[in-house]
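Notes follow the structure.
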Amino acid sequence: MAFLSFFIKRFIAMIVVVWAITTLVFFLAHASPYDPIRLILGQKYLGDPRGYRVMRHLFGLDQSVWQQYTNYLGGLLHGDLGYSEEQTALGTPVWDMIRSGVPQSVKLGGWALLVGLLVGLPSGLISALRQNKPVADHANQFVMMLMFAVPVFVLAPIAQLIFGVELKWLPVAGWGDPGLLGVKEMIMPVGLFAMGIAGYFSKSFRSFLLEVLSQDYIRTARAKGLKQRVIIYLHAIKNTLLPLATIIGPTIAFLVTGAFIIESFFNIPGIGSITVTAATSSDYPVIEATTILIAIAVVVMNFLTDVFYAMVDPRVRLE
Amino acid sequence: MAQPSEPLPSQSYNRDAQRDEAGGAVLVAATEAEAAPRSISSPMRDAWRRFRHNWAAMISLIIILILIVMSIFAPLMHTSDPMASDFTDLNAFPSWHHWFGTDGLGRDTYSRLVYGMRVTFVVGIVGAAITTILGMLLGVISGYFGGIVDALLARFTDLMFAFPSFILALIIISFYGSWANSLGMGGAGRVVLLVIVFAIVGWPGLMRFVRSLVLSMKEQQFIEAARTVGTGSWAIMIRHLLPNTYGLVLVQASFIVIGFIGTEAVLSLLGLGVQAPNPDLGVMLSQGASVLDLNYWEVLAPAIVLAILILTFTFLGDGVRDAVDPRTKG
């Protein structure tokens, strides 16, 4: 069966990619000229060679590269991500550190994606159906283009300034407070995050729809005397699913990068903030864990997109 | 993006079709070309003519050139030392003396902007140039030789493609950032690291693109003819295949520049790119965001400059695309 063999092939490819990413991350960290133990010990204990050896042993850094690598891969398979090497959180299991961040990032990204789709798709639909009308198409697409092109790190401080500092409608930053405050805190980060997604989907959906609407089968449907509504919702939109699946990849990349920016501007304790904190304090085990986690999430999403693509379009399975 | 099987619009071996794209009927264009051999039209000249009539792209190009000249000749641009503090004038609003105000340490925002743009342009343009050349070379080698070389290169590219490039850049910088600081070039170590990192992460998309172009071109007659007269593989690749990709690669490269400018600002504002005392737009943005209630100019100025840079490069990229590849005009 074509689909099953396609699925298995892609699945194996995905596992290979995940393995290659973890290996790359491990060796990149290992090749770094920086010695984490020296930073932990600081100036005070650096002169004590015994303490230095003990610490190296504790973190398993006195083993051979190969041994460290197999320990690391084995640990990953068991969900053991190692221990923090940062001074204040020394020895804390990495898993404990990032466990609290994942739901926050998923919450932020999920809401942003939902709002972005709810704004972007209708906007694209309207502007495709009213093609070349001054307000419904041109003004609409101009706004969407600005939302897509102006980066979120430019808009975020300006929005904080207007709505937080000057008008005082929304809290400048913060996250996860209970009740109404928590909802108010979400409006700005989610809204800003969603703007880029909305712009991207509006622009893409418009061009996909226009492409489909110029096809022969739409003309046939019109010639048969079908109602406009039936043509749009039954024939046209269904056929934009396939091209829409191709923009899932860039959307995921946008979600990942955007999370880092939004979390940093609004003090959201998500996976992006944790990674940045670890990166600025050279906490290698945490950086390795979070980046591998994000990379795996992206690779799995791409895999699911491919599978969806093959389910919708049988030609893909036979490539 | 052009499908591999289609004839490419702006290729030199396809001049008549090119004229057709430009608007004239094939027949008229062909007879004109025969009747008036003096008005030679090359694809690049046609592209430049189309580009010149695109006012948004031309204005963007002029703004970018002005900003580049300003940042190169920064000391002559009415700037003061971007690191020098004026403790009598902290968090100042714009004045005749400090055009865009000062920051929390009394440093002149205008001077820091002009010097900070140097980083943006170096990382954006030099990084994009290196990664573009890398992607073109790998793409043409992979596409031309095929076989085992192609299989290995294409798999490697797939792997690089699967790895989110922002995450890869972040990993490399966090593992090697302190090493770059210790290089002893002041803030320049980080800039060099950023250029290297962007050169490493940027090429996979371009490599695939050039590979698909080369695959569609290498079976065509002008390559066959070159092979027949005994031209070597490398000469064919460099003299015959690559020049035919320049236009379309330029379009891709201009979008790579936009991506790099944005990513550089993001990394610096997260504290991973250029380090704090050195002037950089991302650093200024994050410092300004922390004193939003004191003086909004400190965040507004770098935000506006970054927005101008990204919008002008976007218009420029769109203009180049419309000029080189008029069929995809959106």
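The values are calculated or read from the model by the stated rules, or taken from the named source; none is laboratory data. Since the model is a prediction, treat every value here as computed from it, not as a measurement. All Cβ positions, even for glycine, are placed from backbone atoms using ideal geometry, and neighbour counts span all protein chains on display. Note: areas computed on protein heavy atoms with side chains; ligands, DNA, RNA excluded. Shrake-Rupley method; radii C 1.70, N 1.55, O 1.52, S 1.80 Å.
In terms of the mean number of neighbouring beta-carbon atoms within 10 Å, the peptides B:261-268, B:248-255, A:68-75 order highest first as B:261-268, B:248-255, A:68-75.
Projected label points at A:LEU181 and B:PHE161, each 7 Å from Cα along the beta carbon direction, are separated by 4.9 nanometres. Among the trypsin sites (Lys or Arg not before Pro) in the stretch A:201-239, those located in a DSSP loop and surrounded by at most 15 other Cβ atoms within 10 Å of their own Cβ are A:LYS224, A:LYS227. Can you spot the lysines whose alpha carbon is less than 25 Å from A:LYS133's alpha carbon? Ignore those fewer than 8 places along the same chain. Cross-link targets: A:LYS203, A:LYS227, A:LYS238, B:LYS329.
The simple Förster model, with R0 at 25 Å and r as the Cβ-Cβ distance, assigns A:LEU117 and B:SER212 a FRET efficiency of 0.25.
How large is the helix-only mean residue ellipticity at 222 nm for chain A, computed as the sum of -39500 (n - 2.57) over DSSP H runs with n ≥ 4, divided by its residue count, in deg cm²/dmol to the nearest 500? Dividing the helical sum by the residues of chain A leaves -23500 deg cm²/dmol. State the percent of C-alpha pairs, over all pairs in chain B, separated by a distance greater than 31 angstrom. Value for chain B: 44 percent of Cα pairs lie more than 31 Å apart. For chain B, the longest principal axis of the alpha carbon atoms and the long axis of helix B:55-72 meet at an angle near 50°. All Cα-Cα distances of the stretch A:101-269, cut into 5 Å bins from zero to the largest, leave 1, 8, 16, 18, 16, 13, 10, 8, 5, 3, 2, 0 percent in each bin in turn.
Membrane-span-like helices of chain A, defined as complete DSSP H segments with a Cα extent of 24 Å or more along the helix axis and a mean Kyte hydropathy of at least 0.5, are identified as A:2-31, A:101-129, A:179-213, A:248-265, A:284-312. The residues packed around A:GLN141, meaning those with a beta-carbon under 9 Å from its beta-carbon, carry a net charge of +1 if Lys and Arg are +1 and Asp and Glu are -1.
Spin-label model, A:LEU226 to A:MET145: label points 7 Å out along the Cα-to-beta-carbon direction sit 3.2 nm apart. When you filter the trypsin sites (Lys or Arg not before Pro) in the stretch A:130-187 for DSSP loop state and at most 16 other Cβ atoms inside 10 Å of their Cβ, you are left with A:ARG130, A:LYS168.
Annotation: Cα Rg of the protein assembly as shown relative to the compact-globule expectation 2.2 N^0.38 Å equals 1.04.
Angle check, please: helix B:297-324 long axis (alpha carbons) against the longest principal axis of chain B (alpha carbons), in degrees 0 to 90, nearest 10. Computed tilt is about 10 degrees.
Distance between the C-alpha centres of the stretch A:97-151 and the stretch B:219-234: 49 Å, rounded to the whole angstrom.
Inter-part distance, the stretch A:176-241 to the stretch B:113-128, computed on C-alpha centroids, equals 37 Å.
For the stretch A:49-112, the dipole from Cβ point charges (+1 on Lys and Arg, -1 on Asp and Glu) about the Cα centre works out to 60 debye, to the nearest 20. Rolling a 1.4 Å probe over the heavy atoms of the protein chains gives the protein assembly as shown an accessible area of 48 Å² per residue. Considering only B:ALA276, B:TYR176, B:TYR296, and ranking their Cα positions along the charge dipole of chain B that arises from unit charges at the beta-carbon of Lys, Arg, Asp and Glu, the one farthest toward the positive end is B:TYR176. Ranked by solvent-accessible area (1.4 Å probe, protein heavy atoms only, all chains present), the residues A:TRP175, A:TRP95 order from largest to smallest as A:TRP95, A:TRP175.
For the protein assembly as shown, the dipole from Cβ point charges (+1 on Lys and Arg, -1 on Asp and Glu) about the Cα centre works out to 1700 debye, to the nearest 20. The stretch B:135-178 and the stretch B:270-298 have their alpha-carbon centroids 33 Å apart.
Label point 7 Å out from B:ILE133 along Cα-to-Cβ: which residues of the stretch B:165-206 have amide N under 16 Å? What the label zone holds, given the 16 Å backbone N cut-off, is B:195-203.
Extending 7 Å from the Cα toward the beta-carbon at both A:LYS238 and A:ARG315 defines two label points whose distance is 1.8 nm.
Relative to the dominant Cα principal axis of chain B, helix B:281-290 is inclined by about 40°. Its residue count N fixes a reference of 2.2 N^0.38 Å for the stretch A:169-319, and the Cα radius of gyration divided by that reference is 1.42.
Local charge for A:LEU161 was computed over the other residues whose Cβ lies under 14 Å away, with Lys and Arg +1 and Asp and Glu -1, and equals -2. Taking Lys and Arg as +1 and Asp and Glu as -1, the other residues whose beta-carbon sits under 15 Å from that of A:GLY79 total -2. Magnitude of the charge dipole for chain B, about its Cα centre and with charges confined to Cβ atoms of Lys, Arg (+1) and Asp, Glu (-1), is about 780 debye. Relative contact order, percent, of chain A when contacts are C-alpha pairs under 8 Å separated by at least 6 residues? Value for chain A: 25 percent.
For the peptide B:289-296, the mean number of other protein chain Cβ atoms found within 10 angstrom of a residue's Cβ is 4.
Between B:ILE238 and B:ILE72, the FRET efficiency from the beta-carbon distance, with R0 = 30 Å, is close to 0.45.
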